[in-house]
Amino acid sequence: GQTGALDAGRAPIYPAPLQLASVIAPLRRQMTHLAGVERIQWNIPDRMPEILADERATTSILFHLLDNALKYAPRGSIHINAGVDEAGGWVSVSDEGDGIPPEDLPLLFTRFFRSRSSDAQTVYGHGLGLSIVKRLLDAMDGTIEATNRPEGGLCFTCRLPLVIAARTGEENDH
């Protein structure tokens, strides 16, 4: 229930080198009972540079984002992708729902926000989930951003620092 979610947001955060793939198998097991879970397309590379993140917090973040997408986008695929770019490590969860009005995007991570545009069945926000996600990412020097996808649906992109900061090109060639 909600108290568990609140406690999860309060647990101490200990960022450590984390191979993202290592949280995915337990997460998939944790989600097997959720309605619609077969719609999730897991596109996580087996090997990518380690991120600096707390394992339990990272699992909680991905759980909330996927759970939110399952509830909000009742049809279509949900994609979870990950990779590395010049800014660090990233993980994204995108759905094929209806998106939300652009002016509501920044409000998604505030406590108890619900997008006015939708009827009672499909509300983004679900109370505390996304505010916990934001708090956990803040605690790990990460960020989260929500964007409407051009083809429809929402995409949440989380960024987390890499253990080895991106190469600057200043090392000597061997």
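The values are calculated or read from the model by the stated rules, or taken from the named source; none is laboratory data. All values derive from a computational prediction rather than experimental measurement. Quick reminder, even Gly has a Cβ in these numbers, built from the backbone with ideal geometry, and neighbours come from all protein chains shown. Ligands, DNA and RNA are stripped out before the accessible areas are found, and what is left, the full protein with its side chains, is counted by its heavy atoms. Shrake-Rupley method; radii C 1.70, N 1.55, O 1.52, S 1.80 Å.
Some points to look at:
- Pair list, Cβ < 8 Å and 6+ apart or interchain, from region 145-174 residues that are closer than 15 Å to N68 by Cβ to residues that are at pLDDT below 80: L154/Y124
- Listed here are the helices (runs of 4 or more DSSP H) enclosed by region 1-108 that have at least 2 residues being touching a Phe, Trp or Tyr at 6+ places or on another chain (Cβ under 8 Å): 21-31, 55-72.
- All positions within region 52-70 that are touching a helix residue (DSSP H, G or I) at 6+ places or on another chain (Cβ under 9 Å) and open to solvent by 30 Å² or more (accessible area, probe 1.4 Å): E55, R56, F63, H64
- Cβ separations smaller than 8 Å between residues 6+ apart or across chains give the following pairs from region 127-141 residues that are under 13 Å from L65 (Cα atoms) and open to solvent by 10 Å² or more (accessible area, probe 1.4 Å) to residues that are in a helix (DSSP H, G or I) and at pLDDT 90 or above: G129/H64; G129/D67.
- Members of region 9-42 that are open to solvent by 50 Å² or more (accessible area, probe 1.4 Å) and within 16 Å of V133 (Cα to Cα): R10, P12, Y14, P15
- Among the residues of region 77-106, those identified as touching a residue at least 60 places away in the same chain (Cβ under 8 Å) and exposed (fewer than 14 other Cβ atoms within 10 Å of the Cβ) are E86, A87.
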